[in-house]
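Colleague: One structure, pasted below without further comment.
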Amino acid sequence: MLNPQCVYMLAADHRWQWEEWCDARSIPRSRISEVKQIAFDGFMQAREQSPAVRANGALLVDEQYAPAVVGAAMKAGITVGTPAEKPGAVPLAWTIEPFSRALTGAFVKVLVRFRPEDDPAMREGQWEKLDALQTWCRSAGKPLVVEILVARRQEPEEEFDSSGRPAILAGVIGEAYRRGLVPDFWKIEGSPSAAGARIVDAAIAARPSVRQIILGKGADLPTIDRWFAAVASCATAVGFAIGRSVVWDPAAAFLSGTTDARHAAAEMAGTYLRLVNAWNDRRVASS
């Protein structure tokens, strides 16, 4: 089960991104399953090396390309979760219905995109879907992780990352609570600004049991470390859920034939452990 005090999540549930990458290189989509296995192997290597990962590590993988990994992780006692959303779908749509066919892990993650100026009917439909998913998760006893993505459109990048996006996220979280949507975790885009991080923290803290974990967006480690520093003193922030920053380059090298599975898994394990250490260092520095 996800620890509400600390989460080091390796997110390897990417699907449409790998499909586009493989199609562009005439690589069979069936090989995406190999990427998922390598990510699992890297996670297990990190778990063997780190008591912190053994205690608080979690894995996010999909049933579409990684049913064997989900099964192996559950058998090994790993906290593993599965995504609910159809990959790349806007507005929100489900991968498979009923939920029980796709959401086989110990927790559920759903990704949804919001902008205040989006079509009201689309926004309302997404809220209805999230409410239905929350109802199912509660009946199934599975923690719910809601990932909110707020795309930058015409705004200046630095200003939007520091204050614009945090303000929008705070508004979305407040509306969710007013509607009765109270996930166990919010999976949040990081901010380089401590002031921006505090805006989101205050919104989340309106429901004392809810926590946040920082997503990666494929960013490099210095950028992620900056996000960790900004959020480190926030009471609701308990860790991260990062995937492409760990998995993408080693897996792409493997599929391209420039490295083997063993080296790819080892590289993933090393990057994942550097993120664990970076998170812990920032938390210690802020205390």
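Each reported figure results from applying straightforward, stated rules to the coordinates on display, with no laboratory input. Quick caveat: nothing in here was measured; it's all calculated off a predicted structure. Using ideal geometry, Cβ is built from the backbone for each residue, glycine included, and neighbour counts are taken over all protein chains shown.
Colleague: Mind checking which residues of segment 153-212 are among the acidic types (Asp, Glu) and under 19 Å from THR223 (Cα atoms)?
Modeller: GLU157, GLU158, GLU159, ASP161, GLU189, listed by residue number.
Colleague: Looking only at segment 153-164, which residues are over 17 Å from ARG226 (Cα atoms) and either touching a Leu at 6+ places or on another chain (Cβ under 6 Å) or loosely packed, with under 15 Cβ neighbours inside 10 Å (or both)?
Modeller: Correct list: ARG153, GLN154, GLU155, PRO156.
Colleague: Report, by residue number, each residue of segment 53-81 that is among the small types (Gly, Ala, Ser) and over 19 Å from the mean Cα position of the chain (by Cα).
Modeller: Matches in segment 53-81: ALA68, GLY71, ALA72, ALA76, GLY77.
Colleague: Is there a residue in segment 204-213 that is of a type outside the set (Asp, Glu), over 17 Å from CYS6 (Cα atoms) and within 19 Å of the chain's Cα centre (by Cα)?
Modeller: no
Colleague: Quick check on segment 165-221: of everything there that is on the phi > 0 side of the Ramachandran plot and in contact with a Gly (Cβ under 9 Å, 6 or more places away or on another chain), which residue is surrounded by the fewest Cβ atoms within 10 Å (Cβ to Cβ)?
Modeller: Step by step, filter segment 165-221, then rank; the result is LYS217.
Colleague: Go through the residues of segment 47-55 one by one and say whether even a single one is among the hydroxyl-bearing types (Ser, Thr, Tyr) and more than 21 Å from THR271 (Cβ to Cβ). It would help to see each step written out before you state the result.
Modeller: Narrowing segment 47-55 to residues among the hydroxyl-bearing types (Ser, Thr, Tyr): 50.
Restricting the remaining residues to those that are more than 21 Å from THR271 (Cβ to Cβ) gives none.
Among the residues of segment 47-55, not one is among the hydroxyl-bearing types (Ser, Thr, Tyr) and more than 21 Å from THR271 (Cβ to Cβ), which makes the answer no.
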